[in-house]
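The block underneath contains the structure these notes are about, expressed in structure tokens.
Quick note: the coordinates plus some simple rules give every number you see, no bench work behind them. Because the structure is predicted, anything quoted here is derived from the model rather than measured. A quick note on method: Cβ atoms are made from the backbone with ideal geometry, for glycine too, and the neighbour counts reach across all protein chains shown.
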Number of protein chains: 2
Amino acid sequence: MDQKRYKRKIYLEDKPRPKAREELLAAFGLPPRKEWVKVEDALGRITAEPVFASTSMPHYHASAMDGIAVNAADTYSAHEQNPLRLAYGEQFVYVDTGNAIPAQYNAVIMIENVNVIDDQTIEIIEPATPWQHIRPIGEDIVQEEMIFPQGHKLRPADLGSLLAARITNLEVVNKPVVSIIPTGNELIEVTDEPVPGKIIEFNGTVFANFVKEWGGNPRLSGIVKDEPEKIKEALLLAAETSDIIVINAGSSAGSKDFTVHIIGEIGTVFTHGVAARPGKPVILGKINEKPVVGVPGYPVSAYLALEWFVRPLICKYLQIPEPKRQTIQVKLGRRIVSTMGQEDFIRINIGYVNGEYVANPLTRAAGVTMSYVRADGLLIVPADVLGYEQGETAEAELLKPLEEVTNSIVFSGSHDLTIDLLSSQIKQKRYDMKIISSHVGSMAGLMAIRKGEAHVAGIHLLDPETGEYNLTYVKKLLDDMDIVLFPFLKRKQGWFVPEGNPFEIQSVADIAAKNAHFVNRQRGAGTRILFDLLLKEAGLAPDSITGYSREMFSHLSVAAEVKENAGAVGLGIFPAARAMGLSFIPVADEEYDLVMTKEFFESEKGRLLVSVIQSEEFRESVEKIGGYKVVADAAPKIG
Amino acid sequence: MDQKRYKRKIYLEDKPRPKAREELLAAFGLPPRKEWVKVEDALGRITAEPVFASTSMPHYHASAMDGIAVNAADTYSAHEQNPLRLAYGEQFVYVDTGNAIPAQYNAVIMIENVNVIDDQTIEIIEPATPWQHIRPIGEDIVQEEMIFPQGHKLRPADLGSLLAARITNLEVVNKPVVSIIPTGNELIEVTDEPVPGKIIEFNGTVFANFVKEWGGNPRLSGIVKDEPEKIKEALLLAAETSDIIVINAGSSAGSKDFTVHIIGEIGTVFTHGVAARPGKPVILGKINEKPVVGVPGYPVSAYLALEWFVRPLICKYLQIPEPKRQTIQVKLGRRIVSTMGQEDFIRINIGYVNGEYVANPLTRAAGVTMSYVRADGLLIVPADVLGYEQGETAEAELLKPLEEVTNSIVFSGSHDLTIDLLSSQIKQKRYDMKIISSHVGSMAGLMAIRKGEAHVAGIHLLDPETGEYNLTYVKKLLDDMDIVLFPFLKRKQGWFVPEGNPFEIQSVADIAAKNAHFVNRQRGAGTRILFDLLLKEAGLAPDSITGYSREMFSHLSVAAEVKENAGAVGLGIFPAARAMGLSFIPVADEEYDLVMTKEFFESEKGRLLVSVIQSEEFRESVEKIGGYKVVADAAPKIG
């Protein structure tokens, strides 16, 4: 088959997602297959048929207490003023909890209320009422009673009731087999050497685990090359051997998009493109009466498309309702823009600050898996909404337990590698707490404190007038707030250069003179402010620096960039250079401090944060990295 | 060892549950063991150490689009009025999404914006900005970045990020080994023949599955007899081979309570008895520095004690926060009484009726597993609250997804076996819907409709004056409401007698004359009203009937009781007699109808209910049972 044949532009539909879903589900009956399993192995399985009790529980009249079994009528005269004696074997027998009540008795008196006179005689001072402290036959389960209907997902306690009803095996719905086919010439296995242009195949593993979590039985195939014959072969095999087919990549309108044509050729395409982002270029169709879902190559698009279309197919097969995520109302820390007619699935961080859940969007780039991994929630902007203004309230689906969101310390501001270490040590002390951080730079960190979007901001802002760090900026920007400026670290800033410093970079003048490619930081970052100051001091204009206009958002990103480009130089902190095996030319010793409201500083979270920072363990682990000195025992600069 | 030695009364403490929990957790460091697992097998596992990226993702500058790679500076002159031509190989190359950008280029132009002139030439009408449509190195993950802290529970998408960062194995926390020891002479395996006095051991299986669900590794031992030496041996072995020990039964203050003494002898007892019901007689202690939890024998007590004390131990071991259940506010349909100083864990049904979540308590009997299985939620009455009045609002923990509660049709009133069938067929049509039913009798069913606690009530109430069923009662009790009385079934009531009817019971007079043991129904049940009418017609007083005062709550319970007692007789519907293999002597043909508000009748749920009742499939399956005729196509008697 000619690959060129498929090399043409494809028009993607804008079908509303709910409509595409409905059409997909309506096209398949998905009658489940059934299998017998032992009760012990049935956790999480779905009953395929109603289950009826094989026996009653209890299956005899059982004593509910330790005591004596009596005939109630024999005891009516008993009274505190008129104790009654009963004869063993004739008028009573001893019973323990669970013992069968002999047929001639109809009540139990608790042992605590029995006065033992001798081996043959007891005395009581209160009459028994008929059937007291007796568990009648079938108190729990009556033989032939329906214990569960079909379509019931079995929980731990359910298994107990089945065994109690003397059921040892039951019919459950088979887990639907979901074939997963990764395609693409650029894909390599994780164990292969990654060369430029090759990407590790990991979507398949994610899909398989989503399918497992949703109750399906995933079958992940090897990587299939972007060749029509091979893709066709893989699809036909999957259609024969599975209940649902997932094929990855090849569903955008790019140059190697054979998949939609092949599905059309050997089956039917219902939908190609839905009005939702990311995840838009999804393919829905069927091959041999089996549903096939073509999910986009970009991971986040793929995860969402899988949830939109594969999860409902699995649930329909299992005949269970789709699970729903918990939702909460969040206040938007930033404006969110969307397109009319398109749903937007925005990954957000949610911080619980000043009694409000404040949401900030993460990157929308569909290739950034960490934006999904780090997200606390999903904000779904409906197709008929153009977006939300800052400060507006909207509903978000939680991707993490609410407790975790509520308990997190929200960190903003400048990036420093010790923040992860700090989070890790906080979690060691209180495993329901941690830091969620967004690296937005020192200035944006201060603004986050101002707007009540973060608990703590890390800043390193040099005032060229005074030569002092941080103090001036906090006073200027947060003057009207009750703030604590907490000394945290002294750290070294310096040039990141390829090993051995081949261009002999020692100053900003060298960068300009040798036309090195400079890897810059974003506006508002402390490191950027330092660089701009160095430029100014050297009397250089920004446009004398190659690469000045492109901005990176962290020390590690700068170092990674320098590592890949032998002609590059960056500015940043020592540990980032060391992590990437770069040489480091010291430029400045700076003060990296923490800003927080006095209220937070004095709160439980704040005290925990400070106690960890001041611990010997933290100091040791930070100073071991090199280039750091923890100064957390100094007095606050403000507050 | 002398068993008598342990035969003494034991005083149970009333320690507040949170205090007992805190003491237990404080007594153990529970340092986790770690193990290496493959990423593919790591779903749900907890990271034991922070995880750092082995590579960047992407690890090269990658094209984010299908198009051409260019040097942005070469394109600045391009304009709609001034198209710019670029030469292949010198000024541009073709790139697909994911391709590496050759070092001399720094931007990508989408293929849609490229006009191909010939094999060597393209034309553009818009300049490119530097780095547009390029995914820079580390856009997703930067090498050496901390991807996860320790204590992170791995979800499907997390596994993708690990593989993307070229991590194939990682260190996770071992699943703590939880030994489960069922004890008791009365226990038998589910495969053994159940004889009176013997109880199927099922708690162990429930515990094992709870432990599995909570992330532990359960080891369920065989049944251990109530003999001190054997129990001691089992405990010592468990202390050697596991991280946490659970021992079942023997923790009440009854006659065979060796466990607490043995734990005290070979270890330490911290707590014996907490101020919470059910679950009070729990034992908390340690043996060889391993925590041991002795849980009561009654299943519901045991499930709760396990959740209170074993789950936090597992979570502490795994260093993860304890999961919390979703809570909702419920309105109480009945008064709930509690004891000052005791927490009460009330299992409740929750119905969503008229826009409110209405809760009704299920039995408090700790031996009734189905009260936990059927419960929609748990209402926890705090120790300092004496209870709640009817109509009061309280918080409940959900045991089922909120959707399931919201979507259920709440059925009240008289018990009929076809209601389960109806629920099952509704679930077949809409697998997010079902009926939750409580069998409270016809009169209580009418009251539930009146109080807005149920959607539908099933009633069969004979008016002796008119000889008519149901109409009089609805008119009298629900006169001021807009009600539909929907004809549902005609069914046969009759005597349940042992096979062959040895006492030749034909009438209520025979029961009195032959002094048969009558198994009665509860006040307000239609069957009870019928029996009382038969008594009255025969001119007999209730006290002429043996067993009259004891009340059963369903046809099946009556039949089960008759089955076990050769001298007994009951009154009820045909299929219950048949299910238990009893003979059935017809007494009356009665009309079993459904009562609902007009509003519900016309709602989506109501229409679904009626459509299933009127389906041929339902009629067939009901009439196949015998003793029934579906009359659902008749006109409503009211409404």
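At 7 Å along the Cα-to-beta-carbon direction for both A:N501 and B:E392, put a label point, then send me their distance in nm to one decimal.
7.6 nm
Using label points projected 7 Å from each Cα along Cα→Cβ, tell me how many nm separate B:L471 and B:A27, to one decimal.
In this crude label model, B:L471 to B:A27 measures out at 7.0 nm.
Could you derive backbone 3J(HN,Hα) for segment B:502-516 from the dihedral phi with the Karplus parameters 6.51, -1.76 and 1.60 (θ = phi - 60°), listing whole Hz in sequence and x where the residue is Gly or Pro?
Values per residue, Gly and Pro as x: x, 8, 6, 7, 10, 8, 5, 5, 4, 4, 5, 4, 8, 6, 5 Hz.
Once the Cα gyration tensor of segment A:509-571 is found, what semi-axes does its equivalent ellipsoid get, as square roots of 5 times the eigenvalues, in whole Å, sorted largest first? Don't skip to the end; give the middle numbers.
Numbers: eigenvalues 59, 44, 14 Å².
With the √(5λ) rule applied to segment A:509-571, the semi-axes are 17, 15, 8 Å.
Using only the Cα atoms of segment A:334-398, what are the Rg and Dmax in Å?
My reading of the Cα-based Rg and Dmax gives 11.6, 35 Å.
How about segment A:344-444: which GluC sites (Glu not before Pro) there are in a DSSP loop, with at most 13 other Cβ atoms within 10 Å of their Cβ?
Working: sites: A:E356, A:E389, A:E392, A:E395, A:E397, A:E403, A:E404; in loops: A:E389, A:E392.
For GluC sites (Glu not before Pro) across segment A:344-444 that sit outside H, G, I, E and B with at most 13 neighbouring Cβ atoms in 10 Å, the list reads A:E389, A:E392.
Please find the FRET efficiency linking A:A87 to B:A513, where r is the Cβ-Cβ separation and R0 is fixed at 30 Å, and quote it to the nearest 0.05.
E(calc), rounded to 0.05, equals 0.40.
From the phi angles alone, apply the Karplus equation (6.51, -1.76, 1.60; θ = phi - 60°) to segment A:283-293 and give each ³J(HN,Hα) in whole Hz, x where the residue is Gly or Pro.
Coupling constants for segment A:283-293: 10, 10, x, 9, 9, 6, 6, 9, x, 10, 10 Hz.
Modelled label-to-label distance, A:E123 and A:S549, 7 Å Cα→beta-carbon offset: nm?
10.6 nm
222 nm [θ] for the protein assembly as shown, helices only, -39500 (n - 2.57) per DSSP H run of 4+, per residue, to 500?
Working: 38 runs with 328 residues, N = 1278.
Mean residue ellipticity, 222 nm, calculated: -7000 deg cm²/dmol.
Any idea what the A:D384 label distances to the other copies are, label 7 Å down the Cα→Cβ vector, nm, shortest first?
Once sorted, the set of distances for A:D384 reads 4.9 nm.
Measure of size requested: the Rg and Dmax of chain A, with Cα atoms as the atom set and Å as the unit; please supply both.
34.4, 114
In Å, what Kirkwood hydrodynamic radius results for segment B:453-572 from the alpha-carbon pair distances?
With all distinct Cα pairs of segment B:453-572 included, I get 15.6 Å.
Taking loop as defined by DSSP and a crowding limit of 16 other beta carbons within 10 Å, which trypsin sites (Lys or Arg not before Pro) in segment B:347-376 fit?
B:R364
For the protein assembly as shown, take every pair of Cα atoms, bin their distances at 20 Å starting from 0, and report each bin as a whole percent.
Percent of pairs per bin, in order: 9, 32, 32, 18, 7, 1.
Would you mind working out the magnitude of the charge dipole of chain B relative to its Cα centre, with +1 at each Lys and Arg C-beta and -1 at each Asp and Glu C-beta, to the nearest 20 Debye?
Computed charge dipole of chain B: roughly 2700 debye.
In nm, what is the difference between 0.36 nm times the number of residues separating B:Y94 and B:E322 and their Cα-Cα distance?
Length gained between B:Y94 and B:E322: 76.8 nm.
Give me the three principal axis extents of segment B:62-135 from the C-alpha atoms, as integers in angstrom, largest value leading.
In descending order, the Cα extents are 31, 24, 21 Å.
Report the calculated FRET efficiency for B:K629 and B:R364 (r = Cβ-Cβ distance, R0 = 45 Å), to the nearest 0.05.
The pair B:K629/B:R364 has a calculated efficiency of 0.70.
So which GluC sites (Glu not before Pro) in segment A:489-555 end up in coil per DSSP with only 16 or fewer other C-beta atoms within 10 Å?
Sites meeting the loop and neighbour criteria: A:E499, A:E504.
Among the listed pairs B:K324/B:K605; A:K290/B:K175; A:K38/B:K198; A:K280/B:K429; A:K280/A:K316; A:K536/A:K624, which have their C-alpha atoms separated by more than 29 angstrom in this model? Don't skip to the end; give the middle numbers.
Details: B:K324/B:K605 31 Å; A:K290/B:K175 38 Å; A:K38/B:K198 22 Å; A:K280/B:K429 31 Å; A:K280/A:K316 23 Å; A:K536/A:K624 34 Å.
Pairs exceeding the cut-off: B:K324/B:K605; A:K290/B:K175; A:K280/B:K429; A:K536/A:K624.
Below 18 Å, Cα to Cα, which lysines can A:K637 reach? Residues fewer than 8 away in the same chain don't count.
A:K475, A:K476, A:K490, A:K598, A:K629
Equivalent ellipsoid semi-axes for segment A:307-422, as square roots of 5 times the alpha carbon gyration tensor eigenvalues: give them largest first, rounded to whole Å. Walk me through the numbers on the way to the answer.
Numbers: eigenvalues 134, 71, 44 Å².
Equivalent-ellipsoid dimensions as semi-axes: 26, 19, 15 Å.
May I ask you to list the lysines whose Cα is less than 20 Å away from that of B:K331, ignoring any residue fewer than eight positions away on the same chain?
B:K400, B:K451
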